[in-house]
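Here is the structure we will look at, set down as structure tokens.
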Amino acid sequence: MTDAVLPSQEPPSPPRQPAADTAGAPEPEGETTARGPLHRVKLWMRYIRIRIAHAVLLPELSPSQARALRRTVHEDSELTSGYVLMSALSAGIATLGLLQSSTAVVIGAMLISPLMSPIAALGFAFASVDGKRIREAARVVLVGAAVGVLTGVLLTWLSPIRNATPEILARTQPTLLDLAVALFSGIAGGYATVIQKGGTAIGVAIATALMPPLATIGYGVGMLHAGFALGALLLFATNLAAIAFAFALIARLSGAARPLTAFEWRPRYVTALVLAFLALAIPLSMTLMRLKEEATMRTAAQAAILEAANDRRARIAQIDVVNPLFGEPSVEALVITPAYAANATRDAERRLENALGEPVSISLQQVLAADLQSQTRAMVDAAMERTMAGIAADVPPLDKIRASVGLPTRSIWSNRAGRMVYVEPIPAPGWTLADYREVEREATDADEVWAVRVVPPAQQSLRVAIDPGVEAEGAVSADLAVWALQRWGMSKATLIAPEGGAPALAQALREAGIRVVAPPPPADGERGPTFEEGVATLRVYAERPTLVAARKAAAEARAAAERAAAAEAASAGAVLEGAP
């Protein structure tokens with residue numbers, strides 16, 4: 001065990017280190033002999049660095065080992081065609097994983113991500129205050145990021161599934177946990193680089209913090225959603241800054257960085273150093289400020305909700321604070337309380353607005369539980385319900401959607417996997433199918449995440465215009481008829497068309513997955529369908545089962561009668577033939 005050196009003592013003089021490999025200039029002659037204040041400060045700083053490195057189990061690299069490590073890191077971070085290819089493949093797999101909301105696929109994409117090497121070079125360059133190396137490493141990182149974003153945009157355009165999944169929503173704004181993952185990944189990556197072991201596995205963790213945000217940026221650009229793209233960009237920049245600065249810290253503590261005395265004061269290198277530092281420091285500081293605001297909002301929301309509950313035994317089981325880049329902040333909370341508090345949500349919003357100075361919407365759910373056992377069971381049930389239902393962002397805003405539809409609704413349900421909300425309104429007097437479809441379009445445009453599907457009141461049949469040259473009052477277009485049949489969930493429809501048929505309408509139905517059925521022939525005594533020029537009829541409802549059964553029984557009775565008549569006629573003929 002090394003004996004500690006007292007502050008009054010001078011630490012042992014370190015062995016003289018040669019100048020950095022990039023500068024090539026020897027140290028001044030008086031550096032090793034002078035015993036001035038500057039020299040003593042340098043010795044103390046080196047001594048403290050060594051003690052910290054030993055405390056966190058970092059090796060102390062010799063000058064030759066440090067030069068070899070810097071050379072290896074620089075060579076591994078060079079821009080090559082293989083680096084571009086692997087960046088595109090990794091971003092492509094990550095984009096597909098985000099679109100189908102598959103965590104396993106997203107993690108699988110990280111196995112081939114090449115982002116660790118240029119980020120390690122960037123961190124080592126920051127630790128060495130080497131403007132030239134910073135500029136080179138930053139260029140490689142930006143190329144990989146650009147390839148990842150372009151790949152995400154292209155796959156978003158080509159994909160038939162473009163819904164904003166929970167995996168995408170989770171990467172539209174930085175959180176404290178994201179920052180912690182990036183920081184620990186950077187520290188682990190720096191340690192693996194210094195000891196030159198386990199770099200591949202650590203690279204997966206680093207890519208996990210970087211490649212999905214790049215794919216989300218591509219998704220936001222492809223969908224023309226500025227909020228998603230800018231939020232993911234801030235998350236990427238924040239994680240990149242945390243990882244690069246963590247690499248720099250490990251490189252400086254282990255002695256792998258170039259000595260600061262070898263700093264080159266060339267204008268272009270100084271400019272590159274300053275710009276790169278600002279590009280990383282600004283988003284990191286913005287994220288830290290937002291996290292501080294979110295923590296303040298969380299503390300104030302907890303106090304406001306408990307005061308609104310008006311019971312000392314009330315407990316907050318769950319609380320989620322959302323502070324988006326664009327839009328108003330919101331709070332969702334679940335309170336376990338012995339007694340129900342009327343108007344607690346409004347009271348909590350008022351108290352929170354007084355505390356923060358800005359309005360914050362609160363969604364408060366109260367669960368009644370009188371004794372300790374009931375409260376514990378309620379908390380466990382709430383946690384299980386949250387685990388099964390997913391994150392709160394995956395819950396559709398039913399009240400908002402119902403308000404955007406603007407009609408009394410009979411029922412409303414959602415398909416979380418497809419990010420769709422189905423609304424069945426009560427029939428509105430005088431409304432047509434075109435009116436319901438227009439309401440659906442407006443409601444879908446009003447929500448950025450969920451697609452709205454309005455189910456119009458079902459009709460027995462649809463008159464469809466099949467000849468553009470003929471005006472038919474009350475007839476709908478072919479695309480509107482297909483839309484209505486899809487909203488009603490019809491897999492088949494009976495097409496009744498005049499002579500010549502309606503091939504365009506039949507083709508549109510088949511392309512929509514709706515089977516076209518020919519009408520049954522009219523029974524005896526029944527009139528056949530009447531045709532209107534330029535108009536076809538789509539029979540939505542199937543024939544009544546009792547009517548089908550009656551028609552079948554009548555047909556069987558008629559066939560039996562015909563057989564009996566034929567047999568009787570044959571018997572009578574035989575008798576006549578045998579008569580003299």
Could you look at segment 460-562 and say what percent of its accessible area is carbon and sulfur, using a 1.4 Å probe and all protein chains?
53 percent
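Under Stokes-Einstein, with the Kirkwood radius over Cα pairs standing in for Rh, what whole-number D in µm²/s applies to segment 49-263 at 37 °C and 0.692 mPa s?
Values: Rh = 17.3 Å.
D, rounded to a whole number, is 190 µm²/s.
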To the nearest Å², the heavy-atom accessible area per residue of segment 460-562 with 1.4 Å probe amounts to 63 Å²
Set of lysines with alpha-carbon distance to residue 197 below 24 Å, sequence-local pairs under 8 removed
none
From phi via Karplus (6.51, -1.76, 1.60), per-residue ³J(HN,Hα) for segment 337-347 in Hz, x at Gly/Pro:
9, x, 9, 6, 9, 6, 6, 5, 5, 5, 5
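Order 279-291, 137-149, 550-562 from most to least packed using the mean count of other Cβ atoms within 10 Å.
137-149, 279-291, 550-562
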Just to check I understand the Karplus step: with θ = phi - 60° and J = 6.51 cos²θ - 1.76 cosθ + 1.60, what whole-Hz values come out for segment 533-547, glycine and proline as x?
4, x, 9, 10, 10, 9, 7, 7, 7, 6, 5, 4, x, 5, 5
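Can you give the direction-averaged projected area of the convex hull of the alpha-carbon atoms in segment 460-562, in nm²? If you can, show how the numbers build up before the last one.
Details: hull surface 30.6 nm².
That works out to 7.6 nm².
What is the ratio of the Cα radius of gyration of segment 394-457 to 2.2 N^0.38 Å, with N the residue count, to two decimals? Working shown, then result.
Details: Rg = 10.9 Å, N = 64, 2.2 N^0.38 = 10.7 Å.
For segment 394-457, the normalised Cα radius of gyration comes out at 1.02.
How long is the gain from residue 285 to residue 426 if the chain were fully straight, where each residue apart is worth 0.36 nm and the alpha carbon distance is subtracted? Spell out each step's value before the answer.
Working: separation 141, 0.36 × 141 = 50.76 nm, distance 5.16 nm.
Separation in residues times 0.36 nm, less the Cα-Cα distance, equals 45.6 nm.
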Where the accessible area of segment 49-263 is counted over protein heavy atoms with a 1.4 Å probe, how much of it, in %, is carbon and sulfur?
70 percent
Could you give the accessible area per residue of segment 284-351, probe 1.4 Å, as a whole number in Å²?
56 Å²
Two-site FRET efficiency, residue 458 against residue 340, from Cβ-Cβ distance with R₀ of 35 Å, rounded to 0.05:
0.30
Can you work out the Karplus-derived ³J(HN,Hα) for every residue in segment 232-244? Use 6.51 cos²θ - 1.76 cosθ + 1.60 with θ = phi - 60°, whole Hz, and x for glycine or proline.
5, 5, 5, 5, 4, 5, 5, 5, 4, 5, 5, 5, 5
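Calculate the FRET efficiency for residue 566 and residue 479 from the Cβ-Cβ distance with a Förster distance of 45 Å, rounded to the nearest 0.05.
Values: r = 52 Å, r/R0 = 1.16.
About 0.30, to the nearest 0.05.
Using a 1.4 Å probe, what is the accessible area per residue for segment 49-263, in Å²? Can you show the working numbers first?
Numbers: 8510 Å² over 215 residues.
Here the per-residue accessible area is 40 Å².
The values are calculated or read from the model by the stated rules, or taken from the named source; none is laboratory data. Predicted model only: the values in this text are computed from it and were never measured. With ideal geometry, Cβ positions are generated from the backbone for all residues, glycine too; neighbour counts draw on all protein chains shown. The protein model used for the area step is the full one, side chains on, heavy atoms only, and it has no ligands, DNA or RNA in it. Shrake-Rupley method; radii C 1.70, N 1.55, O 1.52, S 1.80 Å.
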